[in-house]
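Asker: Before anything else, here's the structure in question.
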Amino acid sequence: MTLASADIALYAAAVFALFLTPGPVWMALTARTLAGGLPAAWPLAAGVVIGDALWSLLALLGLAWVVSSLDGAMTALRLVAAAVFVWLGITVIRNADRAVNADSRLTRPGLWAGFFAGLAAILGNPKAILFYMGVLPGFFDLDRVTAADIAVIVGISMVVPFVCNLSVALLVDRAKRRLSSPAALRRTNRIAGVALILVGIAIPVW
């Protein structure tokens, strides 16, 4: 494996920072948990995991040849990744008071309905596409990644969101109150925005 511990830690922090930005999955998990408890929420989290794995794998395999073929591609990808994180952070902070609306398609009852809703939420989410296809390659030297490296990266892309989503489901009552409070929503979004900006600043110098 060629990945350094610092690279792995920075990427895991980036995935976590991205998770902190509220979105439809947060509210879908809340609604599903309130309706049917954890058994109704975990299928959606599992669907999200599969989508995360697919996007990260496609990004690694599809963009590796670009890096190996074009001089300076790695530097360009790092700058793009940094710019995207800073932009996301500023956007979240500027819209800190905006409430998150649940998508009714994500709250349909049933195990398979929850699973496919989670999968659809990731595969069709512009933020997820932008992160995996435009940001992920900036964290690693794709010209040197091995099969073991890919397994670690995909594993992080799956484990971090899955654990975080289940944590939201387990703490849904508290999460529901916090997301409903304008002051708490503003505070959460500002913290998430600052975290995204810090990750963006760290990428070029790491």
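The values are calculated or read from the model by the stated rules, or taken from the named source; none is laboratory data. Predicted, not measured: the structure shown is a model, and the values here were computed from it. So basically every Cβ, Gly included, is an ideal-geometry build from the backbone, and we count neighbours across all protein chains shown. Surface areas here come from the heavy atoms of the whole protein model, side chains and all, with no ligands, DNA or RNA. Shrake-Rupley method; radii C 1.70, N 1.55, O 1.52, S 1.80 Å.
Asker: Take LEU130 and VAL194, extend 7 Å from each Cα along the Cα→Cβ direction, and tell me the distance between the two endpoints in nm.
Answerer: So the two model labels end up 2.2 nm from each other.
Asker: What FRET efficiency, computed as 1/(1 + (r/R0)^6) with R0 = 35 Å and r the Cβ-Cβ distance, is obtained for ALA83 and LEU170, rounded to the nearest 0.05?
Answerer: For R0 = 35 Å, the calculated efficiency reads 0.50.
Asker: Additional query: Keeping all protein chains in place, calculate the accessible area per residue for region 126-171 (probe 1.4 angstrom), answer in Å².
Answerer: With the other protein chains kept in place, region 126-171 gives 39 Å² per residue.
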